[in-house]
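Trainee: Take a look at this one; I'll ask things after.
The values are calculated or read from the model by the stated rules, or taken from the named source; none is laboratory data. Predicted, not measured: the structure shown is a model, and the values here were computed from it. So basically every Cβ, Gly included, is an ideal-geometry build from the backbone, and we count neighbours across all protein chains shown. Note: accessible area is taken over every heavy atom of the protein model, side chains too, but ligands, DNA and RNA are not part of it. Shrake-Rupley method; radii C 1.70, N 1.55, O 1.52, S 1.80 Å.
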Amino acid sequence: MPKPSPWSVALVASLSLSLAGAGLAAGAGAASAEPASATSTTSAAVSPTAFVAPNGHTYDLATGATDDPQAAALVARARTFLPADWQARRQASVARLGVEASAPREALERAIDPTQYQCSPTRLDAYVDGLLANIDYSNLFFLATTGALDLPTYDAILFGSSGDTRYALQRDYRNELTRSFRAAQTFWDTDGSGIQLMAMHGDVMRDEARMTRTLAFLYGAPESAVAGLASMIRQVVASDPGLQDGDNPLFTLNAFAFSAEGETDPVVAAIPDKLVFGDGILSALEAIGVGDVGPRAVLGHEYAHHVQYDKGLFDSPLTGPEATRRTELMADAFGTYFVTHKRGLALNTARVLQAEQSFYQVGDCSFTSAGHHGTPNQRLRASTWGSAVAADAQKQGQVLPSLTLDARFEATLPEFVAPDA
Ligand SMILES: [Zn+2]
């Protein structure tokens, strides 16, 4: 029985743009752009998941339905390369891997489909709006609907390795992230020696062979069947200047920890543990003014997820959004504990909390979603607590065992999530 990773749930719930939709049952994906299937005739005009884009056309990322003829033609052609139950297949494949969506990634989803969120615009939203400004919406809809926006992510999980130069960290961040990663491996009382630190780059979008093998996994289809879709994606990416031939940060707007810990699925179990930094998230951190300590704070958070995997800390009596909130607040607390502790990264606590605060403010307001990370205030409380425990522990020159830190965290969790009023 595969370990019930809350990340799978988080991803399925949060990647509304690229998935069939959390509530979409297998076979219900038929839309007006799909003449081959007649199980449903969902109309973009009446679907509750449809929205009107700035260009005046209606789009439904859950079903692929749209009244934009150019987008409808692209999606219809894409479907000729895919099995009939393509959306359910992708949803299942994504759940097999389980990746959490970063705040920038969620801002991207918000920008593409504003009906999914109720947040007020933030600096990060402005950054993401800038990324999308010059992209033809028909192309964006096609990429989101077919999962193309996720190809660098899944390529890195399935095929990336830290020894492969195609996944090398950008020069500007390589030393800082590598040193911080090594420090985390030493700091925590877990065996992180097998975790591979790597980047993901947008150049995947220029490589049909790499896209084909990843699409084959995502859709559970032979490479020969999905090669045509890879070719279509390649053409769209090359033809739209706004996509910058794959180098637009929107393709790599995520950082995540991957672990096959507890997985029995042989394909997934064979994948080594990873910590992946997209080029796009580094650009986003820079853009919102936290390029100094932001990448290391994100690394601390993601490495904390590996500590959770190693120590079995994902399990709790909680379920749904509360379960995800608990593990995310723990990652915030543990990550801040590590980056501010003198025997960790010894970063300036005030600056780290300031950076985290601006990062958390961009966080999700979808409080009922299974991918809920906690409100900005809850996350800041957890981080502040982590830094205080570090300040206290380091006086004794201690690094607390992770299970001791967890016991303290669990005891304090009710205070983190207490109502703000
Ligand atoms: Zn997380």
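Trainee: How many residues are outside any helix (DSSP H, G or I), of a type in the set (S, T, N, Q) and crowded, with 19+ Cβ neighbours inside 10 Å if we restrict to region 71-91?
Mentor: Matching residues across region 71-91 total 0.
Yes/no matrix, rows are residues, columns are (1) open to solvent by 10 Å² or more (accessible area, probe 1.4 Å); (2) in contact (Cβ under 8 Å) with a residue 60 or more places away in the chain; (3) not aromatic (Phe, Trp, Tyr):
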site: LEU158; (1), (2), (3): yes, yes, yes
site: GLU176; (1), (2), (3): yes, yes, yes
site: PHE181; (1), (2), (3): no, yes, no
site: ALA209; (1), (2), (3): yes, no, yes
site: TYR219; (1), (2), (3): no, yes, no
site: PRO222; (1), (2), (3): yes, no, yes
site: ALA225; (1), (2), (3): yes, yes, yes
site: MET232; (1), (2), (3): no, yes, yes
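Trainee: Then there is this: Name the residue, out of ARG110, ARG90, ARG96, that is within 19 Å of the chain's Cα centre (by Cα), basic (Lys, Arg) and at pLDDT below 75.
Mentor: Being within 19 Å of the chain's Cα centre (by Cα), basic (Lys, Arg) and at pLDDT below 75 holds for just one of ARG110, ARG90, ARG96, which is ARG110.
Trainee: Let me ask something additional. Among the residues of region 278-300, are any open to solvent by less than 10 Å² (accessible area, probe 1.4 Å), more than 12 Å from the ligand (Cβ to nearest atom) and assigned to a strand (DSSP E or B)?
Mentor: For region 278-300, residues open to solvent by less than 10 Å² (accessible area, probe 1.4 Å), more than 12 Å from the ligand (Cβ to nearest atom) and assigned to a strand (DSSP E or B): present.
Trainee: Does GLY202 meet the test of being open to solvent by less than 10 Å² (accessible area, probe 1.4 Å) and more than 16 Å from the ligand (Cβ to nearest atom)?
Mentor: When the stated conditions are applied, GLY202 passes them.
Trainee: Tell me yes or no: at least one residue of region 132-149 is at pLDDT below 95, touching a Lys or Arg at 6+ places or on another chain (Cβ under 7 Å), outside any loop (DSSP other than H, G, I, E, B) and over 20 Å from ASP273 (Cβ atoms).
Mentor: no
Trainee: Let me ask you something else. Here are some residues: THR190, THR214. Which one is in contact (Cβ under 8 Å) with a residue 60 or more places away in the chain and touching a His at 6+ places or on another chain (Cβ under 9 Å)?
Mentor: Sole residue among the options that is in contact (Cβ under 8 Å) with a residue 60 or more places away in the chain and touching a His at 6+ places or on another chain (Cβ under 9 Å): THR190.
Trainee: Within 15 Å of the ligand (Cβ to nearest atom), at pLDDT 85 or above, buried (at least 19 other Cβ atoms within 10 Å of the Cβ) and of a type in the set (A, V, I, L, M) - does that describe any residue in region 339-356?
Mentor: Taking every residue of region 339-356 in turn, at least one turns out to be within 15 Å of the ligand (Cβ to nearest atom), at pLDDT 85 or above, buried (at least 19 other Cβ atoms within 10 Å of the Cβ) and of a type in the set (A, V, I, L, M).
Trainee: Okay, next question. Would you pick out the residues in region 403-421 that are surrounded by fewer than 20 Cβ atoms within 10 Å (Cβ to Cβ) and at pLDDT 95 or above?
Mentor: LEU403, THR404, ASP406, ALA407, ARG408, GLU410, ALA411, THR412 - these are the residues of region 403-421 that are surrounded by fewer than 20 Cβ atoms within 10 Å (Cβ to Cβ) and at pLDDT 95 or above.
Trainee: Out of ASP245, ASP189, which single residue is of a type outside the set (A, V, I, L, M), outside any helix (DSSP H, G or I) and open to solvent by 10 Å² or more (accessible area, probe 1.4 Å)?
Mentor: From the options ASP245, ASP189, the qualifying one is ASP189.
Trainee: Quickly run through region 315-337 and pick out the residues that are more than 11 Å from the ligand (Cβ to nearest atom) and not acidic (Asp, Glu).
Mentor: Those that are more than 11 Å from the ligand (Cβ to nearest atom) and not acidic (Asp, Glu): SER316, PRO317, LEU318, THR319, GLY320, PRO321, ALA323, ARG326, ALA333, THR336, TYR337.
Trainee: Could I ask something else about it? Just to verify a result, which residue in region 264-275, among those that are more than 13 Å from the ligand (Cβ to nearest atom) and either part of a loop (DSSP other than H, G, I, E, B) or at pLDDT 95 or above (or both), is surrounded by the most Cβ atoms within 10 Å (Cβ to Cβ)?
Mentor: LYS274
Trainee: Select, from GLU208, GLU261, GLU223, GLU302, the only residue that is on the phi < 0 side of the Ramachandran plot and at pLDDT below 95.
Mentor: GLU261
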